[in-house]
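Here's the structure we're looking at; comments come further down.
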Protein chains: 2
Amino acid sequence: MAATIALSRRGRPASAPNPTVGCILVKDGRVVARGWTQAGGRPHAEAVALAAAGEAARGATAYVSLEPCAHTSTRGPACSDSLIAAGVARVVIAAQDPDPRTDGVGIARLREAGVEVLFHVMPAEARAAMAPWWTRQTLGRPFVTLKLATSLDGCIAMADGSSRWITGDRARAHGHLERAMHQAILVGRGTFEADAPKLDVRLPGLKERSPQKLMLTRRAAPDGWTAVASPEAIGGVDSLLVEGGAGAASAVLAADRVDRLLLYRAPILIGRGKAALDDIGLANLADAHGRWRLADSRMLGSDRLDVYERAREG
Amino acid sequence: MAATIALSRRGRPASAPNPTVGCILVKDGRVVARGWTQAGGRPHAEAVALAAAGEAARGATAYVSLEPCAHTSTRGPACSDSLIAAGVARVVIAAQDPDPRTDGVGIARLREAGVEVLFHVMPAEARAAMAPWWTRQTLGRPFVTLKLATSLDGCIAMADGSSRWITGDRARAHGHLERAMHQAILVGRGTFEADAPKLDVRLPGLKERSPQKLMLTRRAAPDGWTAVASPEAIGGVDSLLVEGGAGAASAVLAADRVDRLLLYRAPILIGRGKAALDDIGLANLADAHGRWRLADSRMLGSDRLDVYERAREG
């Protein structure tokens, strides 16, 4: 299942608005086919794997990171039906589908057709792999990542606004990769006007992955940008990367909309510079604790990346 | 030699104004005695080890982290003479003594007496262990550690000044241990007036290790404190821990007097709070790079401690 979940991540973020799912077909102890959700959400992972397996699917075990869908669409048949038709003997499922059209229905249909079903196998890991879709599905809002690139003393720029560069090449390349993994990015108008950031993905082979560009502003947005009046008003995407500046970052934090923090920190001191954040509505210090859990920490050249995830549902 | 250097650290900071040195006597492959510089700087490490070894020192090899002294004092004989008198056959030395009264003289005297001498064995490690004394000896100023305890966004307090607590128990206990390892601590007047910090060592068994208390102020200091007008005016100690606030921290950074950064970082966000630093005299971003090298990084509960050392002499 761990391999299936790892495979599912390949669909990010192109599978939106569908979840990114992985499927591995195993027969007689050998992998006979693999699939993950394709760009635009179709074909589904199961359809890709079944097509690749052909007759070899008969009698196989299918490992899937999400319950196979039970609803037919103009874009394709229901995967639970396809698995039955292909003669799959056993389906192992990580997470049950929270979509009411499938939620438990896919499992029931498989069982009725005589397919052996195991489910709830590594569900937390599967949900983490499809966190953007899961968040939108269950909370009705995008999964939000806030990126901050600071000095050791927490500045995102010098007092005169200069910020090129605080972090090094490797940290900035990692930032571009994160950008490619998101459907939309958000900046404040001030950051746009000061830096006129292109915010495209400047990595070989990933240029077509440049996300939709949103600007937090009450006025009209410039060409190529979409204006959003508040963090709560952001819809239509599963995943959002907040790129700055302090105003936009503070607005999403104050709205309690941040699920993940990407903190790139360079080994420099700036002193009297621009702070990473403005008012985030914190009333007292005790309230600040218990909100963030360290999920990953690594060196990128001489910079450190710390990834924090929210420690509670919201 | 690594064991000798580790042993030498036991003398910190009590050995001041003398360097903290370690000495291990080995004979026939067995350790026959060990010693390190005692409180106040005497007896020296060699004297302690020789006294413990007695007749067993004859024919032994002495491992010492610093060249044995060549100058007699009212407080004791020269260690090079003592090693010769005890019949030590071989002396292995990490670092040569920069004190002009000994610098090379100790080695020469040992050799003239027929003692085999090896030196320059792990000198960098030995110098690091005695960094406070070495810094004062070679640069004429104390070795300065700057401690900052911040939120992820680099704040040392909320906007109203409240800072209890940002970091957790384990990080604060580590801070007390660091305090016990320094001869003096420095705060700004503002920090004193806002927090009236006691700045003593609140760890069992280490209360008598509370350092001398210095205040950065142009006025008179309160009872129990010594006023210093500028970072450059601080003398008479080998090691200084700068405890805050932003004014004192920025003053020592602007004076380019900081050798080591202790960054305790709690997994919280504060937003519009008190910044860790004020103006440190940085003219442009490029000048900020290349100054600090990560020396240690560890978790203390849910807080992270990063230790940076200056990357260049100054």
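Restricting attention to region A:256-273, the residues that are of a type in the set (Val, Ile, Thr) and facing chain B (nearest Cβ under 8 Å) total 2.
A single member of B:Pro19, B:Pro13 is in a loop (DSSP other than H, G, I, E, B), open to solvent by less than 30 Å² (accessible area, probe 1.4 Å) and closer than 15 Å to B:Ala78 by Cα, and it is B:Pro19. For region A:280-291, state whether one or more residues are closer than 29 Å to A:Arg164 by Cα and either within 21 Å of the chain's Cα centre (by Cα) or not hydrophobic (A, V, I, L, M, F, W, C) (or both). Among the residues of region A:280-291, not one is closer than 29 Å to A:Arg164 by Cα and either within 21 Å of the chain's Cα centre (by Cα) or not hydrophobic (A, V, I, L, M, F, W, C) (or both), which makes the answer no. For B:Gln183, the criteria (1) surrounded by fewer than 19 Cβ atoms within 10 Å (Cβ to Cβ); (2) polar (S, T, N, Q); (3) touching a Pro at 6+ places or on another chain (Cβ under 6 Å) hold in every case but one, which is (1). Report, by residue number, each residue of region B:22-44 that is part of a strand (DSSP E or B) and open to solvent by 10 Å² or more (accessible area, probe 1.4 Å). Across region B:22-44, the qualifying residues are B:Ile24, B:Val26, B:Lys27, B:Arg30, B:Val31, B:Val32, B:Arg34, B:Trp36. Would region A:235-246 turn up any residue that is among the hydroxyl-bearing types (Ser, Thr, Tyr), more than 11 Å from chain B (Cβ to nearest Cβ) and buried (at least 22 other Cβ atoms within 10 Å of the Cβ)? The answer is yes, given that some residue of region A:235-246 is among the hydroxyl-bearing types (Ser, Thr, Tyr), more than 11 Å from chain B (Cβ to nearest Cβ) and buried (at least 22 other Cβ atoms within 10 Å of the Cβ). Scanning region B:148-166 for residues that are among the hydroxyl-bearing types (Ser, Thr, Tyr) and open to solvent by 10 Å² or more (accessible area, probe 1.4 Å) yields B:Ser162, B:Ser163.
Could you list, in sequence order, the residues of region B:296-308 that are loosely packed, with under 14 Cβ neighbours inside 10 Å and either aliphatic (A, V, I, L, M) or in contact with a Pro (Cβ under 9 Å, 6 or more places away or on another chain) (or both)? Residue satisfying the conditions is B:Met299 alone. A:Thr145: over 24 Å from A:Trp36 (Cα atoms), of a type in the set (Val, Ile, Thr) and open to solvent by less than 20 Å² (accessible area, probe 1.4 Å), yes or no? Criteria not met by A:Thr145. With respect to being closer than 20 Å to A:Ser15 by Cα and hydroxyl-bearing (Ser, Thr, Tyr), A:Ser163 falls outside the description.
Taking region B:274-307 as the range and being in contact with a Phe, Trp or Tyr (Cβ under 8 Å, 6 or more places away or on another chain) and within 8 Å of chain A (Cβ to nearest Cβ) as the test, the residues that pass are B:Leu285, B:Trp292, B:Arg293, B:Leu294, B:Arg304.
The values are calculated or read from the model by the stated rules, or taken from the named source; none is laboratory data. As the structure is a prediction and not an experimental result, all values here were calculated from the model. Every residue, glycine among them, receives a Cβ derived from its backbone with ideal geometry; neighbour counts consider all protein chains shown. When the accessible area is computed, the model is the full protein with side chains, heavy atoms only, and any ligands, DNA or RNA have been set aside. Shrake-Rupley method; radii C 1.70, N 1.55, O 1.52, S 1.80 Å.
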